[in-house]
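Trainee: I have a structure here, written as structure tokens, and I will follow up with some questions on it.
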Amino acid sequence: MKFGESILKALVSGLLVVVPLYLAVLLLLKAVSSSMGVVRPLAGLLPDWIPATQILSLLLVLGICLVVGYCVRTQIGGEVWERIQASIARKIPGYASIRNLAQQLADESSTRAWKPALAEIEEALVPAFIIEELDDGRSTVFVPSVPTPLAGAVYILAPDRVHPVDIPFTQAIKAISQWGAGSKNFVAAMEKSQSKHETLLTAEH
């Protein structure tokens with residue numbers, strides 16, 4: 001199972017690198033080609049043995065990228081870029097969900113990663129993910145629908161109703177997508193965590 005999870009994470013990580021890089025190269029070549037008409041008068045001033053048109057076109061595109069990069073790193077530029085991304089997400093169904101899920105699969109160790117947990121909803125324990133922890137100790141919890149982990153409900157729960165479990169994110173997603181098969185790993189991890197906590201309390205006293 002760990003070998004399969006490792007392959008899945010490696011595949012997703014590779015896609016997140018290769019696909020944007022491939023698209024970036026295509027866009028760069030397209031931009032260079034489009035800007036040749038702009039730089040051609042200036043290129044005519046240089047010796048014929050220098051591929052001036054191509055060089056100046058590339059420099060122009062890289063210069064624009066540099067300026068845009070600096071702008072995006074400012075507060076106002078960052079806010080504008082976030083709005084653009086939000087607009088894209090609204091126009092492409094599932095874009096935001098797929099992007100977020102891919103990021104989780106690619107980097108489970110990130111501090112921003114969703115943390116698998118069991119949440120107390122009414123009289124039941126349900127597989128969930130801790131999205132963030134509030135200053136007052138409560139947690140924002142996402143409870144996915146079965147068997148579609150990209151849809152679900154969000155709850156804000158008290159700490160005694162949220163039980164983090166030490167299992168891989170991919171394993172949690174697999175249990176949810178398989179109609180709950182494998183949920184025993186959630187329960188076993190929760191019981192192990194509770195047992196460790198009780199042992200620590202006993203040792204302190």
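Trainee: Can you tell me how much longer the chain between S34 and R83 gets when fully stretched, taken as 0.36 nm per residue apart minus their C-alpha distance, in nm with one decimal?
Mentor: 14.9 nm
Trainee: Using per-residue counts of other Cβ atoms within 10 Å, averaged over each peptide, order 149-161, 22-34 from highest down.
Mentor: In descending order of packing, they fall as 149-161, 22-34.
Trainee: Also: Would you mind ranking R73, R40 by Cβ crowding within 10 Å, fewest neighbours first?
Mentor: Values: R73 10, R40 13.
With the fewest neighbours first, R73, R40 line up as R73, R40.
Trainee: Report the gain in length on full extension from V25 to L134: 0.36 nm times residue separation, minus Cα-Cα distance, nm rounded to one decimal.
Mentor: Values: separation 109, 0.36 × 109 = 39.24 nm, distance 4.14 nm.
Between V25 and L134, full extension yields 35.1 nm more.
Trainee: Then there is this: Once the Cβ-Cβ distance between K192 and L150 is put in as r, and R0 is 25 Å, what FRET efficiency do you end up with, to the nearest 0.05?
Mentor: 0.30
Trainee: State whether the stretch 115-204 is rounded, prolate or oblate according to the following rule on the C-alpha gyration tensor (a ≥ b ≥ c being the square roots of its eigenvalues): a/c under 1.5 gives rounded; otherwise a/b larger than b/c gives prolate, and the remaining case gives oblate.
Mentor: Oblate, since a/c reaches 1.5 and b/c is not below a/b.
A short reminder: the numbers here are calculations on the coordinates, not readings from a lab. These figures come from a predicted structure and were not determined experimentally. With ideal geometry, Cβ positions are generated from the backbone for all residues, glycine too; neighbour counts draw on all protein chains shown.
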